[in-house]
């Protein structure tokens, strides 16, 4: 399965199981350091008692951001514009999303 197919699976399914998503982290996130940070983040959320739904939602966004960054490490993000450009990429037109659900993202 290609990373593009996995990406589609991540964003199209609202009922992704946490265990499935965690297994996909190393397949979807090509930067090993970022993948490790994401796994540590998931363990942190789990230890803090976050619900599975909360963990899944956070992991999806962080994984999407890591894919957007490609080889850039999270630790190398120094400029606000690097984050804003990712978020601006989530904006959809009124024709694509008449209910403006992108705002939640």
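The values are calculated or read from the model by the stated rules, or taken from the named source; none is laboratory data. Small disclaimer: the values here were computed from a predicted structure and weren't measured. Here Cβ is always computed from backbone atoms with ideal geometry, including for glycine, and neighbour counts include all displayed protein chains.
Some observations on this one:
- Set side by side, the residues 29, 83 differ, and just one is within 14 Å of the chain's Cα centre (by Cα), surrounded by 10 or more Cβ atoms within 10 Å (Cβ to Cβ) and within 16 Å of residue 16 (Cβ to Cβ), which is 29.
- Options 34, 26: the member that is assigned to a helix (DSSP H, G or I), in contact with a helix residue (DSSP H, G or I) (Cβ under 8 Å, 6 or more places away or on another chain) and modelled with pLDDT under 95: 26
- Test: residue in the range 37-51 that is surrounded by 12 or more Cβ atoms within 10 Å (Cβ to Cβ), touching a helix residue (DSSP H, G or I) at 6+ places or on another chain (Cβ under 7 Å) and at pLDDT below 95: no
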